Amino acid sequence: MFISGYSVVAGAAERLVLGYDSFGNICGQKNTPVEGANLSGLDMTNKKYVFFLNSCSLEIQSLKSSSLSLCVSSCPQQQLNSLEDLQSFARNNGSFLCVYNLGVSNYTLNPKAAQLCPTLPVPPSKSFPLFNRCVPQNSECYSKYASVLINMVNEMDVFHRILSGILAGRDTVIGLSVLALAFSLMLVLAFRFIQTLLIHTLIALVVFGLLFVSGVLWWLHYDYRNDPSTELETEKENVKFLLGYAIFSTIVTVVLLSLIFILRKRLRFAVQLFRIVGKFTGRIPFLLFQPLWTFLILVVFWVFWVAVLLSLGTAGTAHSTSGGQVEYRALSGICYMAWYHFVGLIWTSEFILACQQMVIAGAVVTCYFNRNKNNPPPHPVLSSISVLFCYHLGTAVKGSFLITILRIPRIVLLYLCNILNHKENAKHLFNCCFCWICFQKSCLRYFNQHAYTTTAINGTNFCTSAKDGVCILARNSAKLASISCYGDFLLFLGKVFVVCFTVFGGLMAFNYHRELQAWVVPLLLVGFFAYMMSHSFLSVFEVTADALLLCFAIDMETNDGTAEKPYFVDQELLTFVSQSNKLTEGRKHRSTRPFQDNEDGTELQPMV
């Protein structure tokens, strides 16, 4: 919180894109005065463009311009040859191209007007959309100006170039996030109401999306690499990132297509499972609405996080110089604070999702262990929320922290692998470590969900619940693992569908605005947001399915099906588990007893 508050106070993210004049005024907004600078603190709401008084002889050293710059309301679109032309342009267009303290009427009378006004003749110019600069249009001035602008962007560090790209593409990022939301809602409705057609349609769309996105990434990489106009560091970074994305996308495509081919006949179990899960969620009022409030909380947090990140990138202090001008001095070590801020993004996002998982698990447990199926408990979701906030927030914090711990080494290994790109032995070693960490993270997320369910059943702390959940899963892994695996794989395909088509929309949108933008990193943010949204919405079915199966295992261990200790399970779930268990185990153990017989030989009977 200290970093967040300090960055907002010390930073001014608008400087990256809106630009500012030589007197410390940010163009396009109201400003606060800087001590020692008489022309600072002006209202520039209607003056959105940066205009250099000597645009044809502009020089940049250490990101500082040799020419005075002003905020103007419009750029001159025709050449101005004299002070009279400047005066006429100001009166006709309301755009003043001389220093602010020189009145329009004094343009032709003040003997110092030549120093306070732009160098004549003023070339025609147009506003450049990214940095809101007035760019001269005649060939000689334009080539000089473009060269200086390229050098300025190349002198910026990677952190600030990325922030520039995020700010420049903020509208696109918001639009793509809305697109991901629409895809997620569509999948929720599909999983709830049309399970039979879902599997074939979803697999077809996922296969198409994976192949298409991989092809587009390779095409864009080829196009950028062979573009002779690629001079900016941002464009060169885009080429490197696109190559990495294309390779990663191709690997994921090959792996998923192989899994789809291998599991194509077994995925019908997932359809049957989600038919049961869909009916169960229909019995719990407002359960399907849980992703909405989770999504709103995530959006509020992400907007706050991005605002703080942008403020961190521009955190600095304004100092007045000779002549009443202002320069901003960046704070040292600010990039290290950004890494800390990034860890906060992962942990907080995982914590919000963990809270949702605990609410869903609590509601499912309450309804499953209800003896009277015709009289469900009132308000199970509200009851689960109250229990979470009163007793189990620490459990959500611990679970999300463990996921974060495994995410950070994965990011570090990716960075080291990129550094050691030409050292094949070290690269293979890091790839193996990366795959092992990914596997551990997936297993940990799976066990976390069961720990949350066990907490909802027993009310125990995270460590005790995790131990109990692991023991129950170990005793029943042969019976329930395959069922859960097929369901999780189908849900994962749904998440891949959302990410693929959102990223494809991002590729198309960002590719049309490639100038000076490190748009590949904003695209990565879009992919992250899309995955988190789809995970938030589809986790309703994922957590419900896992909680139902865990409750089923506990039910089988606790009760024996007699009149004194009847089972809680209903007929449909019992039949499904029995049939799937027979099919998966019957080939290897033809003589094994059916799953519905307990250890005492009593036939399992669902509670009526």
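The values are calculated or read from the model by the stated rules, or taken from the named source; none is laboratory data. Given the structure is predicted, the values throughout are model-derived calculations rather than measurements. Every residue, glycine among them, receives a Cβ derived from its backbone with ideal geometry; neighbour counts consider all protein chains shown. Keep in mind that these areas ignore ligands, DNA and RNA; they rest on the heavy atoms of the full protein, side chains included. Shrake-Rupley method; radii C 1.70, N 1.55, O 1.52, S 1.80 Å.
Points to keep in mind about this one:
- Rounded, prolate or oblate (a/c below 1.5 giving rounded, otherwise prolate when a/b exceeds b/c) for the stretch 237-384 by Cα gyration tensor: oblate
- Filter on K398/K467; K467/K495; K279/K495; K373/K467; K144/K240; K48/K112 - keep pairs with C-alpha separation over 24 Å: K467/K495; K373/K467; K144/K240; K48/K112
- Protection proxy ranking of 68-80, 545-557, by the mean of other Cβ atoms within 10 Å over each peptide's residues and highest first, is 545-557, 68-80.
- When V381, V299 are compared by accessible area of protein heavy atoms, the largest-first order is V299, V381, using a 1.4 Å probe.
- Under 5 Å, built H, 5+ apart or other chain: amide partners of R133: V50, F128
- In the context of the full protein assembly, C471 retains an accessible surface of approximately 60 Å², using a probe radius of 1.4 Å and ignoring ligands and nucleic acids.
- The accessible area of W219, taken with all protein chains in place and a 1.4 Å probe, comes to roughly 130 Å².
- In the complete set of protein chains, residue-level accessible area for M508 is approximately 60 Å², probe 1.4 angstrom.
- Residue-count net charge about F537 - beta-carbon cut-off 12 Å; Lys, Arg +1, Asp, Glu -1: +1
- Modelled spin labels at L259 and H379, positioned 7 Å past Cα toward Cβ, are 4.0 nm from each other.
- Environment charge at C134 (Cβ cut-off 15 Å; Lys +1, Arg +1, Asp -1, Glu -1): +4
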